[in-house]
Structures are given as structure tokens and as C-alpha cells.
Amino acid sequence: MNAAHLPRPGKPIRGSTSGRPIMALLDLLGRRWALRLVWEIRDRRLNFRDLLELLGGNSGALNTRIKELRKAGIVDHVDGQGYGLTSEGKKLLEGLLPLHHWAERWAKRQS
């Protein structure tokens, strides 16, 4: 993975030249499988093979996403235990829960 491709606060990112931290975070989480990966390891550690099976994708893309999330400090890896959320990753998940609840209410309003 090229570190230049990782969204960084303070740097222009896809869709925003401001580099605001929220925009950089949303760019990172909006990448294919990023949120799903965070969700799947929210309460357990999974190895690469298990994640690949759950996400039904190719190993190169998954590997890139894991590297990005690790570099961002959201995901870590423990030998013999697999990938899991860091303490900051857990705080991120807590912060996303209000969005999850809002989206559930929104879905009900749309139907």
C-alpha cells in the first residue's frame, strides 16, 4: 500500500480540498469493505481467511483495506488471534452508533 493514498487530516482528499478531519475519516470509511470490516471485528478477532470469506472478495483488496485501517490506528493484529479493533477503533465504533440508529429510523420513514 502506498501511504500517499491514505486519507490524512489536513491534506486534500477525494471530494474535499479542505482536509477537514471528518472528511478524511469519511473518505477512509467510505472505501470498499472498510466499514464492513470494522463491523465484523467489532466484538471479536478474526483471521484473514475468515474475513475474506465473510466479505466474499479478493485477497489483494482486503489486504489493502486492512493495511489502511491499521495505519490509521483503527485495526490491529495479534499473532494467533487475528484482526481486531484498537481502543481508538472501539471509540470510533461507539461514535458511529448514533449514525446507525439514525439510519434505522430513516429507513423506517422511507418505507
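Read the figures in this text as sums done on the coordinates, not as results from a lab. This one's a predicted model, so the numbers in the text were calculated from it and none came from an experiment. Cβ placement follows ideal geometry from the backbone for every residue including glycine, while neighbour counts extend to all protein chains displayed.
Quick rundown of the values:
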{"read-out": "Under 21 Å, Cα to Cα: Lys pairs in the chain, sequence gap 8 or more or different chains", "value": "6"}
{"read-out": "Value of relative contact order over the range 3-110, rounded to a whole percent, pairs C-alpha under 8 Å and six or more apart", "value": "19"}
{"read-out": "Extreme residue, positive dipole direction of the range 3-110, given options 17, 103, 78 (C-beta unit charges)", "value": "17"}
{"read-out": "Most mobile of 26, 93, 62 in a GNM of the chain (Cα contacts under 10 Å)", "value": "26"}
{"read-out": "Chain lengthening between residue 106 and residue 44 when straightened (0.36 nm per residue, less Cα-Cα)", "value": "19.5 nm"}
{"read-out": "Most fluctuating residue given options 41, 74, 22, as computed from a GNM of the chain linking Cα atoms under 10 Å", "value": "22"}
{"read-out": "Ascending count of other beta-carbon atoms within 10 Å, so fewest first, for 39, 102, 33", "value": "102, 39, 33"}
{"read-out": "Cα centre as origin, Lys/Arg/Asp/Glu Cβ charges: the chain dipole, Debye", "value": "380"}
{"read-out": "Taking the C-alpha atoms of the chain, convex hull volume expressed per residue in Å³", "value": "126"}
